[in-house]
Structures are given as C-alpha cells and as structure tokens.
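Heads up, the thing below is written out as structure tokens.
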Amino acid sequence: MQAQPHSSLPTQPHRLMPITERPAEVFVRGDGAWLWDAAGRRYLDWLQGWAVNALGHCPPQLARALQAQAGLLLTPSPALYNLPSLQLAERLCAASGMHQAFFGSTGAEANECAIKLARKWGRLHRAGAAEIITFENGFHGRNLATMAASGKPGWDELFPPRMPGFAKARLNDLASVRALLSERSVAVMLEPVQGEAGVRPATREFLQALRALCDEHGLLLIFDEVQTGCGRLGQLFGFQHFGVTPDILTLGKGLGGGVPISAVLAQAHACVFQHGDQGGTYAGNPLMAAASLAVMEEIGRPEFLAGVRARGEQLRQGLLAFSARHGLGEVRGEGLLMALELGSDCAAAVVREARQQGLLLNAARPHCLRFMPRLNSSVEEIALGLELLEAAWQAQAATAAPLN
C-alpha cells in the first residue's frame, strides 16, 4: 500500500537537539524493506536502523507479540521475575552456550555492564586488576565508559576527563595486544567485525590466538556483538562464524528487531555480580522481552540463517562487480553486513544521490559505504538495491568536480 502524503508536519525541527546531520525528509511509515516519507515517496532501506530491524520494518510477528504482551503486563519491576524475560534468558543461553543473562535497553548499556562485570571479576580473581584492552577504531557506545573503551578517532578529546582503564591495541595484531599485558589487565574486549570503522573483520586466526592468549594469562575475552550478533553475519552469533567462544557476550540492535533491548551473556565463571551490583528500571521488562522472543524464534531457524548467507553472497558478488566496473576498492564483511571502499572521500555525496534514487545508505567513513539490509531480504530487493547504487554512482560522478 502506497503511503499518502501528510498534510500536517512539525515545523520546528530545531526543537530536536542537533546530535547528527539529518536530511530534510520526515519518515512516517515502514513496511519490510521499505520506508515512506511524509510526501509519500518510497525508499529501499539499507540502513534498517543501523542493523536494528533484523526482519525489516514492522514485521507482523513482532507486532503481534507486542500487542499480545501489551494486554498482559508491561513493566512489573526489575525486582520481580516476569515470564518473557525468563524465557528469553533461557533461549539465549541455550543457543549460545552461556550461563546467565542480563537485559538492558541499548548496546552501550550492555557494554557498560560487561565492563562492570569484568572489573568485578578482576577484583575477585586478579587482585583488583581493572584494565581492559580494547582496540583502535573500535566502537562500543556513547556513554562515558564505552566512549573510553572505543577507539574512534577524536573521541579521546570529548567530554574530559576521560575515564581511565582502557589500553588500545590494533586489530589483527597479536603483538600489539601482548605489549599491553600487565598485572593490571583483566580482559580483552572487541567487536569481531568493527562496524563503525567501515566493517573491518578480525581474522579467524587472530581471534583464536586472542582466545589462547587470554587463557594463557587468565584474562576474560569479551565480544561486543551488538551489531554482529543475532544473525547479521549468517550465524546466530558472530562468534560461531569465527569458531571462538568468549567469556562475555553483548547483544543489542537486531535482538529486538526494532524495539530497545540488549543483553549481556556470560559463562558461569564470569557470572560474579552480587545483589546491588547491576540493575535498571526497564531491565528485562516483559514487553521488550516478548518482542525479542518473537524475533529470535524467526532468526534462529537454520533455513533463515541460510537465507542470510545466500543474500549476503549475492550482495558481495554485486559489490565486487560494481567495484571492478568503476575501479573502486575493497569489499569487506560477512552475511548482510558489508562495506565498499570508494577510493576517495565521496561517500557522503553517494549517500545523498542514493537517497534521490530511492535508496538509503550509510557512509561509515568518508571513503567507505556500509550496507545493512534486513536479514530476510529477497533476491529482488538485493538486485534492486545494486541497480539503485549504480544509478547513484553515475549521478554522483556526473556532478563531481573534476580533479586538477
């Protein structure tokens, strides 16, 4: 059904704090792979909330779960058990091999919880060690602890003083991790694929060596799978793709399929929280837990994950052909988390032209595009997205200023 233009729209966009640059369009409806703006124009959405909408916009199974739970119980109290959160904890632990779960609302909240859990473990088992080795160009969230853990360029200059306790190694460089080890070290924390850095995967060999190094020195290994978990790489969890099991795992984004929920999963030896160590007003509320159960029921099916891998390969091959055709750069990623190097800082211009063509994209870096279609994308949707990308590139190239 085509969305109708809206006759009344907010006229004061400046009432929203300017935390990011936004296009002028106001989006009012979503369905599957598509978004509509207030003028009634349709866009193929390869942002999907930054890999949040695992099943696309407004999937019916998610809507049904929310509606059913909303008539039963919304939020009793985090001090009381509720059935959906117990069911979700059981499902996630059984699927991941972890022992216990904590639920929050955002990926940053989950990562902060993982940091706290590691530091508590260090107090109990490593004589108070609290330093966590993280990675250059990594991204773990936007609260103060997770910003300090992140290695995003320039973030060390924001909101001083910066929280101490995070040393920065280089991805796929085991020697750089070894050089940072000390009696203060308690854990190593990383994204298996650095999403904000432009979809830069760790190698299987590096992650396996990192697991061995942590075991050798008695450290915890923490995987931030806020973006790579919940089917995004073609396995239910990203660590399964690499054959390396962490001690602590964080999830978010696709876990709720469009609603705010995150999780921290931990192996038994790392489950050291005591009463009062962690909490949250909406932690594990039944409305969000019921929604996540509906999402996990769908994405946990082997045939669903096989479809992610197939559509990911279709996207990869299309991007490789596109890059070769235009003399561009590397195609990186797994499943339906992909990036393309453009060879110059024209990504923002391509994103603008793509929007004009009816395709929503992300410029992960000035020289790099990131692609995050819904996990249940069709063959036709991937093919159409590649056609629209071609049209956007041609339009951008035609208007670009000539090089001197």
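The values are calculated or read from the model by the stated rules, or taken from the named source; none is laboratory data. Computed from a predicted model, the values in this text were never measured in an experiment. Cβ placement follows ideal geometry from the backbone for every residue including glycine, while neighbour counts extend to all protein chains displayed.
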Tell me, yes or no, whether region 123-132 has at least one residue that is in contact (Cβ under 8 Å) with a residue 60 or more places away in the chain, among the β-branched types (Val, Ile, Thr) and either in a helix (DSSP H, G or I) or within 18 Å of Val188 (Cα to Cα) (or both). yes
Which of the residues that make up region 233-251 are surrounded by 24 or more Cβ atoms within 10 Å (Cβ to Cβ) and touching an Asp or Glu at 6+ places or on another chain (Cβ under 8 Å)? Leu233, Phe237, Gly238, Leu249, Thr250, Leu251
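For (1) crowded, with 20+ Cβ neighbours inside 10 Å; (2) in a helix (DSSP H, G or I), each residue gets a yes or a no:
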site	(1), (2)
Gly312	yes, yes
Ala321	no, yes
Gly343	no, no
Glu353	yes, yes
Ala364	yes, no
Pro373	yes, no
Glu381	yes, yes
Leu384	no, yes
Ala397	no, yes
Here are the criteria: (1) surrounded by 15 or more Cβ atoms within 10 Å (Cβ to Cβ); (2) at positive phi. Tell me which single one Ala127 does not satisfy. (1)
Which helices (runs of 4 or more DSSP H) sit wholly inside region 37-101 and have at least 1 residues that are surrounded by 16 or more Cβ atoms within 10 Å (Cβ to Cβ) and in the same structural domain as Val295 (by TED's automatic domain parsing)? 60-70, 83-96
Please verify whether region 215-232 includes one or more residues that are touching a Gly at 6+ places or on another chain (Cβ under 7 Å) and assigned to a helix (DSSP H, G or I). no
Residue satisfying all of: in region 155-183; under 21 Å from Glu112 (Cβ atoms) and of a type in the set (Gly, Ala, Ser); surrounded by the most Cβ atoms within 10 Å (Cβ to Cβ) among these: Ala169
So, in region 248-281, exactly how many residues are out of contact with any Lys or Arg (no Cβ under 9 Å at 6 or more places or on another chain) and within 22 Å of Lys120 (Cβ to Cβ)? 19
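Go through Leu340, Leu287, Leu293, Leu236 for me and flag whichever is touching a Gly at 6+ places or on another chain (Cβ under 9 Å) and assigned by TED's automatic domain parsing to the domain that holds Ile115.
Leu236
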Just to be sure I understand the filter: pairs with C-beta atoms under 6 Å, separated by 6 or more residues or on different chains, first member in region 339-350 and within 14 Å of Asn362 (Cβ to Cβ), second member assigned to a loop (DSSP other than H, G, I, E, B) and of a type in the set (Val, Ile, Thr). Which pairs pass? Ala339/Val199
Restricting attention to region 196-218, the residues that are touching a residue at least 60 places away in the same chain (Cβ under 8 Å) and touching a Leu at 6+ places or on another chain (Cβ under 7 Å) number exactly 2
Being within 20 Å of Leu384 (Cβ to Cβ) and more than 23 Å from the chain's Cα centre (by Cα) is the filter here, so list the residues in region 23-47 that pass it. Glu25, Trp36, Asp37, Gly40, Arg41, Arg42
Go through region 133-168 and report how many residues are in a strand (DSSP E or B), within 21 Å of the chain's Cα centre (by Cα) and among the aliphatic types (A, V, I, L, M). 1
